[in-house]
Amino acid sequence: MGINHDEAPVLDALRRYHEADELGFSPPGHKQARGADPRARAVLGDAVYLGDVLADGGLDDRLSRGRVLERAEELMADAVHAEHTFFSTCGSSLSVKAAMLAVTCPGRGLIVGRDAHKSVIAGLILSGVEPIWVEPQWDPECHLAHPPSPAAYEKAFAEHPEADGALVTSPTPYGTAASLRDIAEVCHRQGKPLIVDEAWGAHLPFHDDLPSWAMDAGADVCVTSIHKMGSGLEQGSVFHLQGDLIDPAELSSRADLLGTTSPNVLLYAGIDAWRRQMAQHGHDLIEHALRLAERTRAAIEEIDGFHVNDAGDFCGPGRAAEFDPLPVVMDIEALGTTGYRAADWLREHHHLDMHLFDHRRISAQLTHADDEQTTHRLLAALRDLADHADELQDAPRVDVPSPAELRTEQARLPRDAYFEPHEDVPMHRAAGRLAGEMITPYPPGIPAVLPGERLTEPVLRYLTSGVAAGMNLPDAADTQLKTIRVVAQE
């Protein structure tokens with residue numbers, strides 16, 4: 001069967017399911033909304049329940065002879081220039097773990113940027129893989145981490161030629177992107193595969209004015225979240241594969257090992273619909289978003305106290321290679337407040353939820369779904385924020401370490417430190433101890449502390465001052481950081 005991007009195999013199969021009046025004596029137990037609580041139906045709508053059918057023995061027959069999911073994955077692979085694509089309903093947090101385990105295995109080494117998302121660290125903990133860290137390119141002026149350089153990966157392979165491959169995060173939630181072609185070339189000279197955590201890059205294949213798409217740049221496998229910059233539903237993720245360094249069957253097996261046996265067809269449908277939408281109209285939709293972002297960024301720059309970070313701030317020697325303008329990152333240091341306080345104020349007074357926030361920035365993520373109406377509301381709220389900045393200037397300050405102080409010693413493997421006996425100690429007694437937990441400011445979800453790292457005073461001050469300022473640490477045992485979990489015996 002040839003490639004026809006007018007098709008949406010999952011959506012078409014759902015339509016046929018309803019037209020045939022299929023009657024399931026199988027899960028899900030709500031039986032096409034009939035058994036759902038009417039109060040839930042009033043809020044969610046029946047469409048949610050009507051789209052919730054079994055993947056096999058519902059959407060397709062019990063042996064998947066209609067090849068519904070397989071054809072949807074083939075169409076997605078064609079749309080984004082990959083050789084193989086796999087859908088996941090467990091988010092990119094699962095997909096990146098599957099990719100890691102297809103490249104390496106317990107007791108082996110993987111070269112990883114230390115700016116990796118917490119899902120990558122979770123993969124290291126679960127697998128027992130040894131991380132060989134490469135440093136991000138720390139921006140001492142912006143207090144921001146940009147993706148590691150190709151030279152950093154070259155050096156890591158020279159020192160650890162036994163490493164099974166490498167992983168890079170690009171683009172970051174701040175819109176900065178790595179030099180993927182050069183990093184892929186470094187890996188391939190060693191005969192080793194490159195994994196790209198491209199969770200924020202679902203839109204990249206569809207417009208040339210965006211940072212390089214991992215498959216076009218020569219990566220072996222990349223993971224992307226369709227729900228972040230695309231039109232998919234939350235948890236909808238895909239991973240793409242090309243080349244001969246990773247066996248597709250092995251990658252599929254790793255995903256099966258980690259994933260659910262009860263995938264939500266609604267998520268498959270969202271991925272499938274996004275692919276058709278972008279294959280047919282993607283360039284025009286992204287072009288509209290880019291022009292809207294350009295106008296919005298210029299308008300925000302005119303607001304007193306706001307500076308919109310652009311390629312001039314984030315790209316160049318020692319910084320990022322490429323830049324995505326759709327995450328509109330605003331430095332509000334001149335307002336005399338923090339991103340935490342500003343984000344809370346915008347939600348309380350204007351019912352706006354920001355994309356991310358830190359000690360000096362807020363970010364508004366724009367996508368193809370935005371228009372003049374949504375950005376007008378954003379601009380009005382930001383102008384109002386600037387007018388009320390004097391009310392927000394008593395925000396506690398965050399004690400941000402220097403780049404050198406942020407880096408701590410990895411004294412024990414993350415897996416070993418995570419599963420060893422722990423004890424909770426007061427923060428004032430924690431310096432010098434080995435962390436037994438992951439502590440992650442969220443967003444953006446990059447851990448400040450990993451299991452097995454030796455805790456230092458600067459990092460502890462950063463976290464405790466961050467909590468006082470409004471930082472969210474959802475994975476810490478004590479989210480207020482009165483205590484911290486450490487390895488009981490060293």
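Odds and ends about this structure:
- The Cβ shell under 12 Å around LEU266 holds other residues with a net charge of -3, Lys and Arg each +1, Asp and Glu each -1.
- A Förster radius of 25 Å combined with the Cβ-Cβ distance from VAL43 to LYS482 puts the calculated FRET efficiency at roughly 0.10.
- Working from label points 7 Å from Cα in the Cα-to-Cβ sense, the THR374 to HIS350 distance is 1.5 nm.
- Computed from the Cβ-Cβ distance with R0 of 60 Å, the FRET efficiency linking GLU405 to ASN4 stands at 0.60.
- Ranked list, fewest to most other Cβ atoms within 10 Å of each Cβ, for SER212, SER262, SER64, SER170: SER262, SER64, SER212, SER170
- Taking the DSSP bridge list for the chain and keeping only pairs wholly inside it, about 65 percent are antiparallel.
- Rounded to the nearest 20 debye, the dipole size of region 283-392 about its Cα centre is 160 debye, using +1 on the Cβ of Lys and Arg and -1 on the Cβ of Asp and Glu.
- ³J(HN,Hα), Karplus 6.51/-1.76/1.60, whole Hz, each residue of region 237-246, x for Gly, Pro: 9, 9, 10, 10, 9, 8, x, 10, 8, 10
- Euclidean distance between Cα centres, region 236-284 to region 315-333, Å: 29
- Region 101-177 and region 3-22 have Cα centres separated by 41 Å.
- Each other residue within a Cβ distance under 15 Å of LEU346 adds +1 if Lys or Arg and -1 if Asp or Glu, for a net charge of -2.
- Distance (nanometres) between label positions extended 7 Å along Cα→Cβ at ASP390 and ALA158: 5.7
- Listing PHE314, PHE419, PHE239 from fewest to most neighbouring C-beta atoms within 10 Å gives PHE419, PHE314, PHE239.
- Of the peptides 367-373, 49-55, the ranking by mean beta-carbon count within 10 Å, highest at the top, reads 49-55, 367-373.
Rule-based calculations on the coordinates, nothing more; no lab input. Given the structure is predicted, the values throughout are model-derived calculations rather than measurements. Methodologically, a virtual Cβ is constructed for each residue, glycine included, from the backbone with ideal geometry; neighbour enumeration extends over all protein chains shown.
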